[in-house]
Amino acid sequence: MISIQLQVKVPWGKLEVDEIRSYADGTTVEKVLADLGIEVRDEGNYLVAVNGKIEYKDYIFKDGDRMSILPALIGG
Amino acid sequence: MQLLRINLAELNIKKESIPSEYRLFSGRALTSRIISDEVPGTCHPLGPFNKLVIANGLLAGTPVSSAGRISIGAKSPLTSGIKESNGGGNTAYKMARLGIRAIILEGETKTKDNWYILYINKEGVKLIDGENLVNKGNYDKANALQKQYGKNIGIISIGPAGEQLSITAGITNTDIEGNPSRYCGRGGLGAVMGSKRILAIVLDDAGTNPVKPVESDNFKDLLKEYTALIRSTPQTAESFPKYGTAGMMEITNTIGALPTRNFSTGTFEGAAKINGQALYDTITERGGEGTPTHACMPGCIIRCSNRYPSQDGKLLVSPLEYETIALLGSNCDIDDLDVIAKLNYICNDFGIDTIEFGCTIGVLMEKGIMNFGDTKEIIKVAEEMQKGSYLGKIIGAGSVIAGHIFGVIRVPAVKGQGMPAYDPRSVKGLGVSYLNSPMGADHTAGNTVRLNIKHHLKDNQVEISKNAQLGATLFDALGICIMVGAAVKDKNLLAGLISSHTGLECSEEILIKVAQETLATEHKFNESAGITKAHDRLPEFFYIEANPSNGAVFDIFDQDL
């Protein structure tokens with residue numbers, strides 16, 4: 001088992017998580033997204049950062065990783 | 001629609017038909033085309049041969065949401081190249097109601113004794129003596145003009161910074177409530193307007209008829225589709241209306257792209273006090289005249305603007321946006337929204353670009369002229385700037401000149417223009433846009449940050465930036481807010497709206513061609529102005545100093561471009 005710190009703040013769907021969760025070894029970004037109820041077809045609407053760097057859905061987590069899910073926006 | 005040409009040398013005014021080759025050109029496409037056709041690249045930006053062109057979009061004045069951006073262009077005194085800066089407000093809408101596609105200010109007054117107001121209503125156009133408004137801030141100017149001509153006018157104005165030919169002066173536009181704070185801030189275009197001795201343009205559309213589409217039924221159907229997309233896309237339907245552009249800070253702070261202490265790192269310890277959530281909470285808790293969601297232009301349903309109240313509920317500034325919060329906040333080590341709002345108000349009133357101001361203060365802080373995080377000193381310096389002190393004049397000259405004067409090497413600027421609120425080491429596609437866009441360091445010229453890509457790696461970033469620059473130019477060329485891009489991805493829908501509104505043939509291919517031609521025109525102008533590939537570089541420190549947030553350096557070089 002590995003621990004992943006989840007920091008999720010996406011305004012739509014009222015999705016807000018800030019906690020450490022345990023997952024099986026080999027867990028990918030895609031698996032965690034599914035666990036959170038985020039559909040892959042929404043991919044263009046959010047960004048996933050692991051330890052401050054954008055990662056794709058096939059990224060395999062390591063113990064202690066920090067995963068942030070963010071809305072895909074531009075500023076002004 | 002017509003072009004309105006004001007020759008300041010002769011003090012004459014001409015209405016012209018739009019030449020057939022310009023008919024599908026509006027917004028940035030039109031400002032850049034006119035400048036390219038009529039302004040010599042070698043001219044002095046504040047001399048008689050430069051022109052200031054103000055243009056609305058093809059769909060301005062219609063109920064199409066977010067299609068009321070106003071584009072202002074000229075040869076820039078800050079970048080020495082072509083510049084277009086666009087903003088919201090009610091002025092593009094009112095120009096359309098008055099039948100005007102673009103206003104061209106050209107020539108130089110014979111004496112430097114007079115200042116003018118350009119007044120436009122349905123009866124005609126006239127130049128009026130503006131002496132009584134000289135050296136007044138933008139808010140006082142707007143109040144005086146609204147008192148004289150009515151609360152419902154639109155105003156395009158400069159503050160004292162523009163009058164003093166400060167090369168970081170912006171041009172502001174009134175919003176729906178008449179608040180003069182929707183800025184075309186970048187590139188020092190306020191100084192060009194000042195060099196033409198025009199303090200303000202008053203757009204009085206009383207008694208004009210609504211703008212009507214040529215093919216009403218088709219237009220209505222397409223409008224319904226367009227509106228539904230905006231209302232059903234999460235970013236435009238939920239995020240922007242709640243957090244505004246400040247919602248961006250959560251992303252930049254997470255990926256190490258939030259400029260902090262003069263771009264020395266990309267994460268800010270105080271981000272939670274100034275981010276989108278903090279802004280939303282502060283505004284809603286204080287209530288009063290504040291609101292977290294506000295339309296910056298007539299008919300906008302995204303409503304990403306806001307009105308920020310002071311503790312007693314009175315309006316302090318509107319809007320308070322991401323770029324300003326980051327450059328005046330984290331970049332100066334300030335985590336107090338009230339201080340940032342106050343500085344924003346001072347900059348708006350004096351008529352100076354908040355991005356450039358924040359970059360310049362960061363440079364001064366780096367030198368130790370004042371300490372990072374010293375809120376009292378930064379407000380004092382901003383007030384000195386209003387009073388015209390020497391330090392204030394240096395700040396008004398921007399980050400590059402301040403760096404030269406105080407011997408600072410780490411100056412975040414490209415082609416003379418201070419960098420917006422994304423560290424290019426952490427968002428490399430935007431870094432490429434900063435360095436090779438015709439506009440200098442400008443986030444609106446091709447922002448890649450919302451894409452689901454590894455922003456800290458160099459892979460494909462040149463191509464990604466190229467596409468983003470083309471997309472941004474397409475929206476700018478139509479006077480449509482770039483925020484719409486998250487919702488409306490089918491350019492044929494935009495083309496259909498244009499065809500049914502104007503009766504002109506339009507398609508996605510035509511829109512892309514206009515955007516491509518616009519970029520090519522701008523690059524050609526810059527070449528004629530002496531800007532070469534050697535200017536397409538970031539400041540050296542981005543290539544050699546790793547961003548402590550993620551270890552990234554900017555590693556895209558001349559040969560990669």
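General observations
- The calculated 222 nm mean residue ellipticity attributable to helices in chain A amounts to -3000 deg cm²/dmol, summing -39500 (n - 2.57) over DSSP H runs of n ≥ 4 and dividing by all residues.
- R0 of 41 Å, Cβ-Cβ distance A:Leu36-B:Glu505: FRET efficiency to nearest 0.05: 0.30
- Burial ranking of peptide ranges B:65-75, B:15-25, B:176-186 (average Cβ count within 10 Å, highest at the top): B:65-75, B:176-186, B:15-25
- For B:Ile100, the residues whose amide H sits under 5 Å from its own are B:Gln2, ignoring neighbours fewer than 5 places away on the same chain, with H placed 1.01 Å from N.
- Figure note: B:Ser549, A:Ser22 ranked by solvent-accessible area, largest first, 1.4 Å probe, ligands and nucleic acids not counted: A:Ser22, B:Ser549.
- Considering only B:Met248, B:Ile198, B:Gln235, the residue lying farthest towards the positive end of the dipole of the range B:191-248 is B:Ile198, judged by Cα position with unit charges set on Cβ.
- Heavy atoms of chains B and A lose about 2600 Å² of accessible surface on contact, summed over both sides with a 1.4 Å probe.
- Between B:Asp221 and B:Ala206, the contour length at 0.36 nm per residue exceeds the Cα-Cα span by 2.5 nm.
- Links that overshoot a 24 Å alpha carbon limit, given the list A:Lys57/B:Lys458; A:Lys9/A:Lys62; B:Lys51/B:Lys94; B:Lys224/B:Lys491; B:Lys75/B:Lys380; B:Lys14/B:Lys196: B:Lys75/B:Lys380
- The mean accessible area for residues of the range B:1-120, using a 1.4 Å probe and ignoring ligands and nucleic acids, is 29 Å² per residue.
- Partner aspartates and glutamates whose Cα lies under 12 Å from the Cα of B:Lys415, excluding those fewer than 8 positions away in the same chain, are identified as B:Asp442, B:Asp536.
- Apolar share of the accessible surface for the protein assembly as shown: 49 percent from carbon plus sulfur atoms, 1.4 Å probe.
- Lys, Arg +1 and Asp, Glu -1 on Cβ, resulting dipole of the protein assembly as shown about Cα centre, debye, nearest 20: 1380 debye
- Charge sum, other residues only, whose C-beta stays under 11 Å from B:Leu315's C-beta, Lys/Arg counted +1 and Asp/Glu -1: 0
- Accessible-area order (highest first, 1.4 angstrom probe) of the listed residues B:Glu269, B:Glu289, B:Glu84: B:Glu269, B:Glu289, B:Glu84
- Per-residue shielding of B:446-453, expressed as the average number of other chain Cβ atoms within 10 Å of the residue Cβ, stands at 5.
- For B:Asp349, the solvent-accessible surface with a 1.4 Å probe is about 30 Å², rounded to the nearest 10.
- Residue-level accessible surface for B:Leu470, protein heavy atoms, 1.4 Å, Å²: 40 Å²
- Protection proxy ranking of B:448-455, B:45-52, B:301-308, B:110-117 - average other beta-carbon atoms within 10 Å, highest first: B:301-308, B:448-455, B:45-52, B:110-117
- Here the gap between B:Lys110 and B:Asn492, fully extended at 0.36 nm per residue and compared with their Cα-Cα distance, gives a gain of 132.7 nm.
- Averaged over the residues of peptide B:252-258, the number of Cβ atoms from other protein chains lying within 10 Å of each residue's Cβ is 4.
- For the peptide B:455-466, the mean number of other protein chain Cβ atoms found within 10 angstrom of a residue's Cβ is 1.
- Neighbourhood net charge (12 Å Cβ-Cβ; Lys/Arg +1, Asp/Glu -1) for B:Cys296: +1
- Area of B:His44 that stays accessible when all protein chains are in place (1.4 Å probe, Å², to 10): 120 Å²
- Separation between Cα centres of the range B:334-369 and the range B:1-45, rounded to whole Å: 34 Å
- Here the dipole of the range B:197-299 is about 260 debye; that uses its Cα centre as origin and unit charges on the Cβ of Lys and Arg (positive) and Asp and Glu (negative).
- Heavy atoms of the protein chains alone define the surface here; on that basis the range B:162-298 has 32 Å² accessible area per residue at 1.4 Å probe size.
- Largest to smallest in accessible area, the residues B:Thr267, B:Thr172 fall in the order B:Thr267, B:Thr172 (1.4 Å probe, all protein chains included).
- Difference of contour (0.36 nm per residue) and Cα-Cα distance, B:Leu561 to B:Glu527: 10.6 nm
- Interchain or long-range residues, amide H under 5 Å from B:Ile301's placed H: B:Ser66
- When only the Cβ of Lys, Arg, Asp and Glu is charged (+1, +1, -1, -1), the dipole of chain B relative to its Cα centre reaches about 840 debye.
- Förster-model FRET efficiency, 22 Å R0, B:Arg261 and B:Tyr390, C-beta, rounded to 0.05: 0.30
- Rolling a 1.4 Å probe across the protein heavy atoms gives the range B:354-415 an accessible surface of 41 Å² per residue.
The values are calculated or read from the model by the stated rules, or taken from the named source; none is laboratory data. Remember, it's a predicted structure, so these values are computed and weren't measured experimentally. Reconstructed Cβ throughout: ideal geometry from the backbone, glycine too, with neighbour counts over all protein chains shown. We work out accessible area using only protein heavy atoms, side chains counted, and drop any ligands, DNA or RNA first. Shrake-Rupley method; radii C 1.70, N 1.55, O 1.52, S 1.80 Å.
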